[in-house]
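One structure is given here, and the rest of the page talks about it.
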Amino acid sequence: MSDAIDRLDWPALGVDLLERGHARAEDVLPPDACAAFRGYWERDELFRRRIVMERHGYGEGVYAYFADPLPEAVQALREGLYRHLAPLANAAMTRLGRAVRYPADHAAYRAECHAAGQTKPTPLLLRYAEGGYNRLHRDLYGELAFPFQAVFLLSEPGVDYTGGEFLLVENRIRMQARGEAVPLELGDMVIFPVRDRPVAGKRGYVRAEMRHGVSRVRSGERFTLGIIFHDAA
């Protein structure tokens, strides 16, 4: 998994993430890896908590947070992605005029989370059946929040399901909201801001608030793997 992450075109992904607000990479996970991740769903011992979204007004579907120790493949993706995203996170903080900086190694950042009382792992598996959707939201679990997160599509659009587009919505002061549907295929990855991002303005960078979600699944079953880098309180 780490090799697949390292082989990506990170200069291009970095430009997309910092300038466009999201970065997409195709065929990051092969079909057999996607099937293996989907197979985790029935293994209750891998998860610390399952959330039925309808019960909380989050949408319709179920997601499950992995327990420590994370499955090896999930851990490899989390650590491999973080190594490349930490410099981009620091660049985003500089543009936003924030003093916070992120260490190069995920273990060091996770130690910061634990010192702040955020000790629960947050990578998760999500399942949407027909009619399922996810309302626009942010994945914030405490005082500390790494600026970016990643989602991998584990199902094949048009074969396993229809509908279920990944959505991003950006809000800037004194502007109407801007929405975007990000097209994804089996094994694709999208990286996007957790909370906000810097946007170039007339007098430097300004802050744009970000939310993400999933449109309604019209038929079939849709699985995704979410990699969040900050832990939860």
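The values are calculated or read from the model by the stated rules, or taken from the named source; none is laboratory data. All values reported here derive from a predicted model rather than from experimental measurement. Backbone-built Cβ (ideal geometry, glycine too); neighbour counts: all protein chains shown. These accessible areas exclude ligands, DNA and RNA; they are computed on the full protein's heavy atoms, side chains included. Shrake-Rupley method; radii C 1.70, N 1.55, O 1.52, S 1.80 Å.
Note down all Cβ pairs under 7 Å where the first residue falls in segment 7-22 and is under 18 Å from Thr94 (Cβ atoms), the second is surrounded by fewer than 17 Cβ atoms within 10 Å (Cβ to Cβ) and small (Gly, Ala, Ser), and they're at least six residues apart or on different chains.
Leu18/Ala91
Scan segment 117-134 and give yes if some residue there is within 23 Å of Val182 (Cα to Cα), surrounded by 14 or more Cβ atoms within 10 Å (Cβ to Cβ) and of a type in the set (D, E, K, R), otherwise no.
For segment 117-134, residues within 23 Å of Val182 (Cα to Cα), surrounded by 14 or more Cβ atoms within 10 Å (Cβ to Cβ) and of a type in the set (D, E, K, R): present.
Would you point out the residue of segment 24-47, among those that are outside any helix (DSSP H, G or I) and open to solvent by less than 80 Å² (accessible area, probe 1.4 Å), that is farthest from Glu156 (Cα to Cα)? Before the answer, list the steps.
At the first step, the residues of segment 24-47 found to be outside any helix (DSSP H, G or I) are 24-30, 43, 47.
If we keep only those that are open to solvent by less than 80 Å² (accessible area, probe 1.4 Å) too, we end up with 25, 28-30, 47.
Details: Ala25: 15, Val28: 14, Leu29: 12, Pro30: 12, Phe47: 24 Å.
This residue is Phe47.
Please report, ordered by residue number, the strands (runs of 3 or more DSSP E) entirely within segment 139-195 with at least 3 residues that are of a type outside the set (Phe, Trp, Tyr) and modelled with pLDDT of 95 or more. Quick ask: steps written out before the conclusion?
On the way: elements: 148-153, 161-163, 166-171, 178-182, 189-193.
Those strands (runs of 3 or more DSSP E) span 148-153, 166-171, 178-182, 189-193.
Could you tell me how many of the residues in segment 7-23 are open to solvent by 70 Å² or more (accessible area, probe 1.4 Å), part of a helix (DSSP H, G or I) and not basic (Lys, Arg)? Walk me through it before giving the result.
Step one: list which residues in segment 7-23 are open to solvent by 70 Å² or more (accessible area, probe 1.4 Å), which gives 7, 9, 11, 15, 19-20.
Then keep just the ones that are part of a helix (DSSP H, G or I); that gives 11, 15, 19-20.
Now narrow it down to the ones that are not basic (Lys, Arg): 11, 15, 19.
The total comes to 3.
Can you name the condition, by its number, that Val206 falls short on among (1) under 19 Å from Arg98 (Cα atoms); (2) buried (at least 20 other Cβ atoms within 10 Å of the Cβ); (3) not basic (Lys, Arg)?
Going through the list (1) under 19 Å from Arg98 (Cα atoms); (2) buried (at least 20 other Cβ atoms within 10 Å of the Cβ); (3) not basic (Lys, Arg), Val206 breaks only (2).
Only one residue in Ala64, Ala89, Ala36 is over 16 Å from Phe229 (Cβ atoms) and either free of Cβ contacts under 8 Å to residues at least 60 places away in the same chain or acidic (Asp, Glu) (or both), so which one is that?
Details: Ala64 fails: either free of Cβ contacts under 8 Å to residues at least 60 places away in the same chain or acidic (Asp, Glu) (or both); Ala89 fails: over 16 Å from Phe229 (Cβ atoms).
Matching residue, one of Ala64, Ala89, Ala36: Ala36.
Consider segment 77-111. How many of its residues are open to solvent by 20 Å² or more (accessible area, probe 1.4 Å) and not in a loop (DSSP other than H, G, I, E, B)?
Pass one, segment 77-111, residues open to solvent by 20 Å² or more (accessible area, probe 1.4 Å): 79, 83-84, 87-88, 90-91, 94-105, 107-108, 110-111.
Narrowing the set further to residues that are not in a loop (DSSP other than H, G, I, E, B) leaves 79, 83-84, 87-88, 90-91, 94-96, 107-108, 110-111.
Total meeting the criteria: 14.
Quick check on my filter: what residues within segment 1-13 are over 21 Å from Ala76 (Cβ atoms) and not aliphatic (A, V, I, L, M)?
Of everything in segment 1-13, just one residue is over 21 Å from Ala76 (Cβ atoms) and not aliphatic (A, V, I, L, M), namely Pro11.
Conditions: (1) surrounded by 12 or more Cβ atoms within 10 Å (Cβ to Cβ); (2) in a helix (DSSP H, G or I). Ile51 meets all but one. Number of the miss?
Of (1) surrounded by 12 or more Cβ atoms within 10 Å (Cβ to Cβ); (2) in a helix (DSSP H, G or I), only one is false for Ile51: (2).
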